[in-house]
Amino acid sequence: MNVFAVSKVRLNKDGRVIAVFWGRVNTDTNQWATAEVVAPVREVVEAIRTGDQVFALFPSEHGHVPDRQFMVVEYDNGWATIALEGPPTYEREVHDMERLDPRDISRGHARRDVPLT
């Protein structure tokens, strides 16, 4: 099992997560095990479905602090996204997380005229 952390999200007009800025975490050192990357939410959904843990990072005075774990949310139309587990928590909701800049594109949303690096 891997542990990942999400520091930024991109929401659609309905407030659903559609992309994230995330990376794998070394829980022994509490450091990034991989560089963070922009990824479509389907990659997070797949990680959770295969047993990985994915936590939200919230901005603080001293960087980011880890908080609640993400879970998969299924819709009747077959769509899937992520939401935070547990009851609503003041200033610790998806809408309180930092947002991806619109110019940041994920592997799943890459335009053909923009080279991936």
Around A33, which amide H atoms from residues at least 5 apart in sequence, or from another chain, sit under 5 Å from its own amide H, with H modelled in the peptide plane? R24, V25, N26
So the FRET efficiency between N77 and E98, C-beta based with R0 = 30 Å and rounded to 0.05, is 0.55
Hey, in the GNM for the chain with a 10 angstrom Cα cutoff, which one of D96, D14, D104 fluctuates hardest? D14
Cα-based convex hull volume of the range 53-107 per residue, rounded to whole Å³: 133
Normalised by the empirical 2.2 N^0.38 Å for globular proteins, what value does the Cα Rg of the chain take? 1.04
Pairs of alpha-carbon atoms within less than 8 angstrom and 6+ residues apart define the contacts here; what relative contact order does the chain have, in percent? 26
Report ³J(HN,Hα) in whole Hz for each residue of the range 56-63, in order, from the Karplus equation J = 6.51 cos²θ - 1.76 cosθ + 1.60 where θ = phi - 60°; Gly and Pro get x. 8, 10, 10, x, 9, 4, 10, x
Return the percentage of antiparallel bridges among DSSP beta bridges fully within the range 1-89, rounded to the nearest 5 %. 85
Of E91, E43, E61, which has the largest mean-square fluctuation in a 10 Å C-alpha GNM of the chain? E61
Calculated [θ] (222 nm, deg cm²/dmol) that DSSP helices of n ≥ 4 give over the chain, each run adding -39,500 (n - 2.57): -2000 deg cm²/dmol
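Bear in mind that the values in this text are calculations on the coordinates, not laboratory data. Treat the numbers as computed from the prediction; the structure is a model and nothing was measured. Neighbour counts run over all protein chains shown; Cβ positions are idealised from the backbone, glycine included.
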